Structures are given as C-alpha cells and as structure tokens.
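Take a look at the structure below.
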Amino acid sequence: MLLIRHFEYALLDLFARGELHGTTHTCLGQEAVPVALRALLSPDDFVFSNHRGHGHYLARFDDPAGLLAEILGRVGAVSGGMGGSQHLRRGRYLSTGVQGESLPVAAGAALHVAHREPGRLACVYIGDGTWGEGAVYEALNMAALWRLPVLVVVEHNGIAQSTPTSAAMAGTIAGRAAAFGVAHHYVGTDDVPTIRQSLDEPVGRVRAGAGPLVVEFATQRIGPHSKGDDSRPPEELDRLRATDWYQRYRGPVFQRLDAEQRSRVAEVVRDVTARPPARPGTSSSLVVVEEEQWQRANA
Amino acid sequence: MAARQRVADHLNAALCAALAADDRLYVLGQDITDPYGGAFKITRGLSTRFPRQVIGTPISEGGTVGLANGLALAGNRAIVEMMFADFVTLAFDQIVNFAAKSVSMYGRRAPMPILVRCPTGGHRGYGPTHSQSLQKHFLGVPDLDVYEISPFHDYGDLLDGALASGVPSVVFEDKVLYTGWRRPPGTADDLFSYHLIGSWPGTAVARIEEAPPDCVLITPGGVAERTLTAMRELFVRYEISCELYVPARLDPMDVEPILPAAARAGQVVVVEDGTSGGTWAADLAHRLHTALWGRLSRPVRVLCAADSVVPSAAHLEREVLVQAESISTAVLEGRS
C-alpha cells in the first residue's frame, strides 16, 4: 500500500513539474483494494483493470519501474510506451481505458477457464460509475446464465470523475446484482486482513463453479480524477483525507516502512527519468520473456 | 466438392470443417443453435455436432463480441454471427476499441483471432434496420481487416486465413448470395470465365477471354452478381466488353493487381451498395486516380446506394439500392 501511495504521489509531482505527457488517474485512497486481493488471486487468474489501475498493476507485479517507464514513455516500459497509464498488458493482466468494456471480455476469459482450467477465475475491476454502461449488464447476464467464474471488483468511491454516484445511479449495486441472481458481497473496511478473511470463502465459491460474484468495496478517492481536476469542495476533501488509512498509522515501524517505500520510489523516478525514450517493441524484457513462456504453455 | 453448391451450404460446410479442425474455435451468436440453426441457417447442425464450441447467446451483440475477445486473449479463436449486419453497430466498441487496439497498443503484436460475420445488404424488403451495408464504418481502422464474401472465393480459405493472421476481422456476407450458387472454379457463367489474382485472399477477375476490356468494374462480392448481369447486357446489346474485379478483402486492399487492367481500359467504375459519402468506393477511386493519373481517359466513376435509409417497399428499395441497370447506365454514361 505504501509503494502504491508513494508511486502516485510521485506521479502527481512529475505532473506538477510538467514531465508527464497526457493524463493519468491516480488511485490515492483506494490502495487497500488490490492489496487485499493480491493474496486471493493467483498468477494464473485473469485480471482486467481499468483507467485507474496503477494500484492493480503494482499489487500484482511489484514493478514500479516498468509502470513508470510506461507512463513516461521510457525504455523498459510495460507496453513499449504505446499504452501509457491506462493500457497495460502483462501475461494474464490487461488494462484498458473504456468504461465497462472489459466485463464481457472477462466473461470470455472466464468461459475459457471454465472449459479448460477449472479452479481459476477472471477478475475485473470497475468503478461505481461504470454501472451506467450496458456492457456491465450484458456480461453479468451471460456470466450468471453460464455460471462463469467472474469476480467483479467494484471500487465504489462515490464519484465518477465529477459526478457523484447519487446523480448517476438509481437503486444500488447490490440490487442490480440481485436482479441477475448474482451474489454480492459488501466490504465496508480498508483493513486488509479483515477483507481477506471475509472474501476467502466467497471467492472460493467462484472458483468452484458457483457463478459470478460482485464484491463492492466502499472506498474513497482522495486525489483528483486526473491531474488536478477535483471539483469537490475543500471541506469534503478534508473530511475524506481525515479518514484516509495513511493518516491512521503512526509509530516507528510505520515510519520506517513509509520511508523505505518513499526512497524506493524516489530511486525508481531517478532511474526511469534518466532513460531514453521508448520505441514500440522495446517492452520491458521481463514482460516479453514472461509472455513467451505463457504463450508456450498455452500453445 | 459438389458440382453445384448453394453459398449458404458452402458457408455451413466451411464452418463445420473449421470447428472440426480446432477444438479451440468457438462460434457464438443469437439463435444459432439447433434446431433453428441461425436466421439464415448458416450454422444449422453445428451446435448438435459441436455443443461445447457453438454457443447461443442472449441478444447482446457487444457482450458477445466481448466474449469472443476474452476467448481470443486466452488463446482461443472465435467467430461471432451478427443476425443482421445492421446490429454490428452495437458491437462497435468491442471491435474497434478492444479487438483491433489490443493487437498493437500493448507495444508488441498480440494476436486477436476473432471474426465477426455480418449478413448484409438489401433486396429482401427487410427495411431500414435490416438492410444496410455498413462496411464503410470499419474502414481505415488500424489492425482491423474488412472482408466480403463472394461466389468466387472459398469461404473456408477465408476463415482460416483471417483467423490465422491474428488480426480481428469483420466479414460482410450479402444475404442475397446465401440462396444463390457458388461459381465453380474457372467459370463465372456461360459467357464469363474467372480466375483469382494477387496475394491472399485474392481478387477474382471475371472476363470474356477473347475480348480486351473496354471498362474495368470493381465491386465487392454482394454487388458482383448484379455487375455480371450488367456486363452481360453491355456485351450483348452494346458490344462493350467489361472486366470485373472482386476483392475478398476490402480493407486493407491491395490495388496493385488491378492497376494494369485499369490503365489499359481507361474507363473504371467502382460499385458498392453502401450509401454515398465516405465510402470504400470513393477511397478506392482516389487511390486509382493517384496511381494512374495521366493514364486514365476519364474520371473513375463511383456508384453507390443513394444517401437514404433502405425503404421497406420493393419499389422504393429498388430506387435506393444499386441495380444491374444502374451499373450498365453508369458504364454507358461514362463513355459519352
């Protein structure tokens, strides 16, 4: 969580210095979700991430240099500089930038898994705002009909870019899942061990063929949507930041771990910013080797 | 191969052979399973023989192509049937933003072997939402191939090649062809012979062997039948000899094999059934003008459907869509 936190801080800092091209969406405040899931997912599971996916990637791969190189367009980038912040692919991990688009894709990967690799699953991260997309419902319908092992992880941070959920969603996520006969699990905490414990059994049911599961995390986005475009009133942001997990921790152990990750990220920034620009085909060699191994295994 | 085979039976046999050859190939679509076998019966019998691979889906075009994309990512191949080409707009995001982009946007070539079949075109009285030719909306998309079947091309070869390329594709199939006959190799009819030229998937060239062409006509497969009718009339009534070029891949299209004949004939007409404006035909005409500037004796003509929805009533539909008579008229007008 601290790695993700400092990585995102570093990105905002690079933005402020004008060193970042385009846009990027940080997951400040939402770090607990992918970190909790890390222990519940296997490298053989498919993971579909979205536009706010830095935390998802870092929790799965612990590769801040590859991610930063991708975002900055430098040598060693995960997607050779073509994808940027929102379009990463590594083995069975893939992110893409269109809301809801990856749910039916996850259902397809889950269909493959159900036919050929029972026990594995396809996990797809979405936000509360994504529930406005029809693709979500087409996918839920098919996943429920065919009992596909799809784990839908909803990072419900209460706001879609600048639109509060209350202005965009009638009813509830639980109600929508229920309409398809899909199991729904609410997580109201960001305490990682508690989350893992509560999800262990429901995720096991997905693997065992019980059909899809929607896990709704109550979380909060304490940073802007992208760059500096936060239109929320300062008092609301203060309130959110006051309950942010990062504020809750004190003491020498935390201080030491925090300093470690801060300096680790600073070192990554120094390393990556000194690299030459990426060219297509210069994907991180780590990623290419992994992919070749994976393709051989699946040939 | 049977001496005479309906195009629908040819498609069905090709899908059957492809499914039998690869148990990682899926066919997905609405109402495609038995006993119905698809709105045009192209998948009849397949779900009975390959129950795991042939999957009837809900009315969810986008979701279904998404499913195909997920299967492709996981190392499978997938063919999706749109009940009507008109509905492919509902899957536009999955085709253009997911399938096509996934090939290259992750910085290295990644295969996305999916193929979306689209029963296209009018002349059946199905009206504005079941008769369109939407090919133009898929042109010029990086890493997306657009094909159109014809009575001259082998469908099994098309499926195998398109899926093996790893580039996702949209295949248009003129509904009028389904019930018609395949043209046996070499013989378009009693007047015209044909052969394939160019690199895979090839362009069919139909011509009268003894007659050097006065005009070159270029059309996709659905319009090719009407073009042959026009060519027959032009030859019999006016002694105008035409040569017909039918490419199986519309985009990206290899124009090189057409250039010598087009330069020699001087008169070139490109015909398609899509509505005018921003069309395959207009783009091709521009490429021909550029390549042959100074060698053409007249402008390349473009013949498209009218800028109109496709009406339901037969007499109104005829006025909007390209007919054999409009093709022969275009050739005659182009000579005056």
Subset of segment A:129-175 (residues that are part of a helix (DSSP H, G or I), under 14 Å from A:GLU101 (Cα atoms) and away from chain B (no Cβ under 12 Å)): A:GLY129, A:THR130, A:TRP131, A:GLY132
Within segment B:53-64, is even one residue closer than 23 Å to B:PHE138 by Cβ, crowded, with 24+ Cβ neighbours inside 10 Å, among the charged types (D, E, K, R) and within 13 Å of chain A (Cβ to nearest Cβ)? yes
Of all residues making up segment B:40-52, the number that are in a loop (DSSP other than H, G, I, E, B) and either surrounded by 23 or more Cβ atoms within 10 Å (Cβ to Cβ) or away from chain A (no Cβ under 14 Å) (or both): 6
Can you tell me which residues in segment B:179-196 are assigned to a loop (DSSP other than H, G, I, E, B) and either surrounded by fewer than 22 Cβ atoms within 10 Å (Cβ to Cβ) or modelled with pLDDT of 90 or more (or both)? B:THR179, B:GLY180, B:ARG182, B:ARG183, B:PRO184, B:PRO185, B:GLY186, B:ASP189, B:ASP190, B:LEU191, B:PHE192
Sole miss for A:ALA107 among (1) open to solvent by 10 Å² or more (accessible area, probe 1.4 Å); (2) in contact (Cβ under 8 Å) with a residue 40 or more places away in the chain; (3) part of a helix (DSSP H, G or I) is condition (1)
Report yes if some residue within segment A:205-214 is open to solvent by less than 30 Å² (accessible area, probe 1.4 Å), of a type in the set (Val, Ile, Thr), under 20 Å from the mean Cα position of the chain (by Cα) and under 28 Å from A:LEU20 (Cα atoms); otherwise report no. no
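For segment B:202-221: of the residues being of a type in the set (Val, Ile, Thr) and at pLDDT 95 or above, which is nearest to B:CYS242 (Cα to Cα)? I'd like the intermediate steps shown before the answer.
Residues of segment B:202-221 that are of a type in the set (Val, Ile, Thr), as a first pass: B:203, B:205, B:208, B:216, B:218-219.
Now drop any that are not at pLDDT 95 or above, which leaves B:203, B:205, B:216, B:218-219.
Details: B:THR203: 16, B:VAL205: 10, B:VAL216: 6, B:ILE218: 10, B:THR219: 13 Å.
Filtering segment B:202-221 for residues that are of a type in the set (Val, Ile, Thr) and at pLDDT 95 or above, the one nearest to B:CYS242 (Cα to Cα) comes out as B:VAL216.
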In the set B:VAL255, B:VAL309, which member is within 21 Å of B:GLN135 (Cβ to Cβ) and open to solvent by 40 Å² or more (accessible area, probe 1.4 Å)? B:VAL309
So A:GLU117 clears everything in (1) open to solvent by 10 Å² or more (accessible area, probe 1.4 Å); (2) within 14 Å of chain B (Cβ to nearest Cβ); (3) out of contact with any Asp or Glu (no Cβ under 9 Å at 6 or more places or on another chain) except one condition, right? Which one? (3)
For segment B:2-13, does any single residue satisfy the condition of being assigned to a strand (DSSP E or B), surrounded by fewer than 18 Cβ atoms within 10 Å (Cβ to Cβ) and not small (Gly, Ala, Ser)? yes
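If I filter segment A:30-44 down to residues being open to solvent by less than 10 Å² (accessible area, probe 1.4 Å) and not polar (S, T, N, Q), which single residue comes out as nearest to A:SER226 (Cα to Cα)?
A:GLU31
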The correct count of residues that are within 11 Å of chain A (Cβ to nearest Cβ), more than 15 Å from A:VAL78 (Cα to Cα) and open to solvent by 10 Å² or more (accessible area, probe 1.4 Å) in segment B:98-126 is 2
Which numbered condition A:VAL154 fails, given (1) under 19 Å from the mean Cα position of the chain (by Cα); (2) open to solvent by 50 Å² or more (accessible area, probe 1.4 Å): (2)
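Matching residues to (1) open to solvent by 10 Å² or more (accessible area, probe 1.4 Å); (2) within 13 Å of another protein chain (Cβ to nearest Cβ):
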position	(1), (2)
A:PHE46	no, yes
A:GLY53	no, no
A:GLY76	yes, yes
A:GLY80	no, yes
A:HIS87	yes, yes
A:LEU103	no, yes
A:LEU121	no, yes
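I need the strands (runs of 3 or more DSSP E) fully contained in segment B:197-288, keeping only those with at least 2 residues that are without any contact (Cβ under 8 Å) to a residue 60 or more places away in the chain and under 25 Å from B:LEU177 (Cα atoms).
B:203-207, B:242-247, B:267-275
The values are calculated or read from the model by the stated rules, or taken from the named source; none is laboratory data. Everything numeric in this text was worked out from a predicted model, so none of it was measured. Methodologically, a virtual Cβ is constructed for each residue, glycine included, from the backbone with ideal geometry; neighbour enumeration extends over all protein chains shown. Only protein heavy atoms, including side chains, enter the accessible area calculation; ligands, DNA and RNA are left aside. Shrake-Rupley method; radii C 1.70, N 1.55, O 1.52, S 1.80 Å.
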